[in-house]
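Below: the structure, in structure tokens.
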Amino acid sequence: VSSWIKNVGRRRLRETCNLDDSLEMLLQTQKQFREFDLVASEYCRRGQEALKKMDRWEDFSSVDVDSYRGKLQSHRDELEEFCTQLDEHRHRICETVRLYEFFDKVRGGSCCTQEAVKT
């Protein structure tokens, strides 16, 4: 999971940072993001399940286990950050699409109103 986040997930999130200026392109970006989101959400779920299984080792005291606690916390932080960014991107794309659709309707209504005033 950590390897996928580093090698695929972060790169794909960066690709969706810059949203296009047209509704058509934005809808295409949203479609591509949804496909990525399904895969990324599955990785987040699998990572969270794996970390949950590792929680039972938290109370185990041993020098051998102590060396892995830092690594485990690092993976936990990385997963949490990625899942949060995924949620934020999902929300931002959805809200941007809604905004563009609203402006598109307003622009269309404005044109119809101007035509009615002219006649």
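As an exercise: evaluate Phe60 against (1) closer than 29 Å to Thr16 by Cα; (2) aromatic (Phe, Trp, Tyr); (3) modelled with pLDDT under 80 and give the number of the one condition it does not meet.
All conditions pass for Phe60, except number (1).
Looking at segment 77-86, is at least one residue under 18 Å from Cys44 (Cβ atoms), exposed (fewer than 12 other Cβ atoms within 10 Å of the Cβ) and without any contact (Cβ under 8 Å) to a residue 40 or more places away in the chain?
There is at least one residue in segment 77-86 that is under 18 Å from Cys44 (Cβ atoms), exposed (fewer than 12 other Cβ atoms within 10 Å of the Cβ) and without any contact (Cβ under 8 Å) to a residue 40 or more places away in the chain.
For the structure I just gave you, tell me whether Gln30 is farther than 17 Å from Ser2 by Cβ, at pLDDT below 95 and under 13 Å from the mean Cα position of the chain (by Cα).
Spelling it out, Gln30 is indeed farther than 17 Å from Ser2 by Cβ, at pLDDT below 95 and under 13 Å from the mean Cα position of the chain (by Cα).
The values are calculated or read from the model by the stated rules, or taken from the named source; none is laboratory data. These numbers come from a predicted model, not from an experiment. Note that each Cβ is placed from the backbone with ideal geometry, even for glycine, and that neighbours are counted across all protein chains shown.
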